[in-house]
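To keep things clear, I will list the structure first and then write my remarks on it.
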Amino acid sequence: MNKIQNIKVLFWDIDNTLLDFDAGAEDSMKQAFADLGLEFKPEMFDVFQEENHIIWDKIEKGELSREDLPYVRWQIILKRLGLKADGVAMEHVFRSYLHNSAVPVSGALETLEALAGKYIFCAASNGPYEQQLNRLERGGMRKYFTHCFVSEKVGVEKPSLRFFEKCMEELPGIEPEECLMIGDSLTADIAGGHAAGLKTCWYHPEDAITNEKLRELEQQADYRVEKLVDLTKKL
């Protein structure tokens, strides 16, 4: 296994890299539905995942603002599910549960503990600032990070070049090529980090991808791991 060398800073994505966003979101959706008197069925979460992915893809491309998300996400999802409920109210209740969701991805805590002290740790995430910090804290991970770069606070989203430039401004004396961006998103994490001059490691525990466009983006990843603990062997 080739060693990753000359790295001083590790940038970590949060959702579905360190914390299992999908597990937390499904549980939050179930609880929010119960609070609003709606019947939840497992297949409904598939609709959430599809629509949430589309919305965040638009946000990352600059086609939709982060501020618009609370007003459109659940309106779209509930309409598609054929449910009559207030989407904005649903968003509020859903977020209140998601705020405290902290299910660690398999091997995340062990990997952070093994690498702690050897590198500067920076969180690099799209999402609400206080929510992401709270989730890291509840997941037992906040103590490892000297910097938490979250899009709401940074002012721009990954994969924007400006996001990574603003992160680097907080790391004087560090060059982009001395940083490794670790994440599950080929667009936000890998393409974004690559464009900013960072080394990149794609965390992808699933089978090989078949989408042609994603295969092109995969080529921008300097490294790939299927298990987070594999990073302890590479670094």
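Below are the figures for this structure:
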item: Least to most buried among Leu161, Leu231, Leu133, Leu186 (fewest other Cβ within 10 Å first); result: Leu161, Leu133, Leu231, Leu186
item: Packing-based exposure ordering (other Cβ within 10 Å, fewest first) of Asp20, Asp222, Asp68, Asp13; result: Asp68, Asp222, Asp20, Asp13
item: Links that overshoot a 26 Å alpha carbon limit, given the list Lys153/Lys234; Lys153/Lys233; Lys143/Lys233; Lys30/Lys153; result: Lys153/Lys234; Lys153/Lys233; Lys30/Lys153
item: Under 17 Å from Lys61, Cα to Cα: lysines that are on another chain or at least 8 residues apart; result: Lys158, Lys213
item: Reciprocal mean inverse distance between Cα atoms of region 22-98 - Kirkwood radius, Å; result: 12.5 Å
item: Charge sum, other residues only, whose C-beta stays under 13 Å from Lys79's C-beta, Lys/Arg counted +1 and Asp/Glu -1; result: +1
item: Radius of gyration and Dmax over the Cα atoms of the chain, both given in Å; result: 17.8, 55
item: HN-Hα J in Hz across region 217-229 - Karplus 6.51, -1.76, 1.60, θ = phi - 60°, x for Gly and Pro; result: 5, 4, 5, 7, 7, 6, 9, 9, 10, 8, 10, 4, 5
item: Mean ellipticity per residue at 222 nm, deg cm²/dmol - from DSSP H runs of n ≥ 4 across the chain, formula -39500 (n - 2.57); result: -13000 deg cm²/dmol
item: Fully extended contour minus Cα-Cα distance, from Asp46 to Leu115, at 0.36 nm per residue; result: 21.4 nm
item: Segment Lys234-Val72, length gained on full extension (0.36 nm per residue, minus Cα span); result: 54.2 nm
item: Fraction of antiparallel bridges per DSSP, region 113-235 only, in percent to nearest 5; result: 0 percent
item: Relative contact order [Cα under 8 Å, 6+ residues apart], region 39-158, whole percent; result: 21 percent
item: Asp86-Glu63 pseudo-label distance in nm [points 7 Å out on the Cα-to-Cβ vector]; result: 3.0 nm
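Read the figures in this text as sums done on the coordinates, not as results from a lab. Computed from a prediction, not measured in an experiment: that's the story for all the values here. Here the Cβ is made from the backbone with ideal geometry for all residues, glycine too, and neighbour counts use every protein chain on show.
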